[in-house]
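**Student:** The structure that follows is given in the form of C-alpha cells.
Rule-based calculations on the coordinates, nothing more; no lab input. Remember, it's a predicted structure, so these values are computed and weren't measured experimentally. Neighbour counts run over all protein chains shown; Cβ positions are idealised from the backbone, glycine included.
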Amino acid sequence: MKKRKTTETEVLVELNSEKTEISTGIPFFDHLLGTLAKFMDKNVVIRAKGDLEHHVIEDVAICLGETIAEIEKKGIRRFGFSIIPMDDAVAICGLDFSGRGYLVVEGDFGDGEMKSYDFLHFLDTFCRRGGINIYLRISGFNPHHKMEATMKAIGIALKGALEKVGDDYLSTKGVL
Ligand SMILES: [Mn+2]
C-alpha cells in the first residue's frame, strides 16, 4: 500500500485488494483508472483528494506507478502488446516492464472530459515512476474513446507483460 500526503493532495493506492474501489473526486479519472484495473485484471483501491485536478492526477500517477514498480519481475514475460479499437478510436500499445521508465506517444488525444496535457502527464508520470517503457499510437476523433482505449490497451499489455512464463529474468543482464 502506498500513501502520499502533501500540502496539495492525499492519495492512497493498494494493489491486489479484495475488490476495486476508486474515488479521486474526478469522475472521468475514476472511469479511466477503473478501466486500467479491469483490463490489467487486478483489483485496486485508489482514494485521492486534493486542491486541483492536475495535482490529484499527478499524485495518483506517482503512487500507482510506484506500486506497480514493486511487482517482482523474475520469470515474467516482460513485454506486452495490444491493439484496442473503440468505435472511431484505436490505441496500439507496446510496453516493456523493464524498470526503465519512458513514454513515447504518436497521435493526439484531444481535450475531452480530461485535458490532453493532464492525460499525457498521467501517462508520463505513471511510466517513469513505474519503470515501464510504453509506446502508444493513437488515432480517432473522440477524446473520451481515445483515452479509454489507451487505458484498455495499457491494461491488456501490462497483463501480458506480468504473466509468469519462466523462472528467471528475461534479460541478457540477468536482472531487471
Ligand atoms: Mn467510457
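**Student:** Subtracting the Cα-Cα distance from 0.36 nm times the residue separation, let me have the gained length for GLU113 to GLU70 in nm, one decimal.
**Tutor:** Here the answer is 12.4 nm.
**Student:** Right, something else. If you bin every alpha carbon distance in the chain into 5 Å steps from zero, what whole percent lands in each bin?
**Tutor:** 2, 9, 17, 23, 21, 16, 8, 4, 1, 0
**Student:** Less than 17 Å apart at the alpha-carbon level, and either on another chain or at least 8 residues along: which aspartates and glutamates does that give for LYS2?
**Tutor:** Partners found: GLU10, GLU14, GLU18, GLU21, GLU58, ASP59, GLU66, GLU70, GLU72.
**Student:** How many angstrom lie between the Cα centre of segment 116-138 and the Cα centre of segment 27-62?
**Tutor:** First find each Cα centre; the distance between them is then 13 Å.
**Student:** Give me a comma-separated list of calculated 3J(HN,Hα) values for segment 9-15, in order, Karplus coefficients 6.51, -1.76, 1.60 applied at θ = phi - 60°, integers in Hz, x for any Gly or Pro.
**Tutor:** 9, 9, 10, 10, 10, 10, 9
**Student:** Separation between the THR172 and SER139 pseudo-spin-labels, each 7 Å from Cα along Cα→Cβ, expressed in nm?
**Tutor:** If labels sit at THR172 and SER139, their model points lie 3.4 nm apart.
**Student:** While we're looking at this one, here's another question. Quick check: from the Cα gyration tensor, does segment 79-162 come out rounded (a/c under 1.5), prolate or oblate?
**Tutor:** Cα axes put segment 79-162 in the oblate bin.
**Student:** Return a whole-number percent for the relative contact order of segment 2-69, with Cα pairs under 8 Å and 6 or more residues apart as the contact set.
**Tutor:** Relative contact order comes out at 44 percent.
**Student:** Taking K and R as +1 and D and E as -1, what net charge do the other residues with C-beta under 11 Å from the C-beta of MET86 add up to?
**Tutor:** Summing Lys/Arg as +1 and Asp/Glu as -1 gives -1.
**Student:** While we're here: In segment 65-108, which residues have a backbone nitrogen under 20 Å from the label point lying 7 Å from ASN16's Cα in the Cα-to-Cβ direction?
**Tutor:** 65-79, 97-99
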